[in-house]
Amino acid sequence: MIKMSQAVASAVLVSTGLFFAGLSGGTALADSEPSVVTAEGSRPQITIVGEGTVSTTPDIMRLDTGVEVRRPTAGAAFTAARTAAAALTRALLAAGIAARDLRTDELTLGPEYKEYPTISGYRATQGVEAIVRDIDDADDVVEAAAAVGEAVRLNGISFEVSDNRAPLRLARDIAFRDAQSRATQYARLAGRGLGRVMEINEQNVTPPTPVLGFAAAVDRASISPGRRNVSVSVRVVYELE
């Protein structure tokens, strides 16, 4: 928070309405966001919440894949799963995924029952997460994984923005201008001029949220990252002249 003066002496806020303290006529106004006018001696203040949203395109895809096998014995199932996972890893590396962008995220081994407690076999899995840093390669990477064999499982994908600092800065600019525009309007309606900024408080920041699932296969380039919104809200206190 950037604080430029001591807290104000009084405030009047009812629901989402706006009440002016220390102004003639006691006029009440409302806006889509809660706003407050306060008075400190002969210097009234107004508190406004501004919002800013920026749309951005994800540039990273995370592929959640892995292998699953069933064998009569635990040892055979585990060995088969490890062998299939190694083949999957080689295929992903060959498709252009860097070794540092591969991660084992699951490893399981357990019995399966025909009718408890009779064991019918054993199931083993090993999960592999791959980071695709070039979205244009997404389809090729998925196809390379699927081609490894029947043991492969494709569990989903998610899209992310590798660096959201630029869209966040722009969203802050928009949020502050929104707060200033609202404050200017209220000051004009109250017959006042908008004075200096007394306080700035960033309240909510919503970074791009990954979306899971595969896009519909309408052509060869079937995987699309779509768009994501970055949102910021800022609370600004202005002095009224």
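General remarks:
- For region 17-27, the criterion of being touching a strand residue (DSSP E or B) at 6+ places or on another chain (Cβ under 6 Å), in a strand (DSSP E or B), open to solvent by 20 Å² or more (accessible area, probe 1.4 Å) and at pLDDT below 80 is satisfied by at least one residue.
- Yes/no for residue 100 being under 23 Å from the mean Cα position of the chain (by Cα), open to solvent by 80 Å² or more (accessible area, probe 1.4 Å) and of a type in the set (D, E, K, R): no
- Filtered residue count, region 104-142, keeping only those that are in contact (Cβ under 8 Å) with a residue 40 or more places away in the chain, under 16 Å from residue 90 (Cα atoms) and open to solvent by 60 Å² or more (accessible area, probe 1.4 Å): 1
- Subset of region 88-120 (residues that are among the hydrophobic types (A, V, I, L, M, F, W, C) and assigned to a strand (DSSP E or B)): 102, 107, 109, 119
- Filter pass, residue 70 being modelled with pLDDT of 95 or more, open to solvent by 60 Å² or more (accessible area, probe 1.4 Å), closer than 14 Å to residue 151 by Cα and not in a helix (DSSP H, G or I): yes
- Those residues of region 73-96 which are under 36 Å from the mean Cα position of the chain (by Cα), more than 15 Å from residue 147 (Cα to Cα) and among the aliphatic types (A, V, I, L, M), in sequence order: 81
The values are calculated or read from the model by the stated rules, or taken from the named source; none is laboratory data. It should be emphasised that the depicted structure is a prediction, and the values quoted were computed from it without experimental measurement. Backbone-built Cβ (ideal geometry, glycine too); neighbour counts: all protein chains shown. Each accessible area value is taken on the protein alone, full model and side chains, heavy atoms only, with ligands, DNA and RNA left out. Shrake-Rupley method; radii C 1.70, N 1.55, O 1.52, S 1.80 Å.
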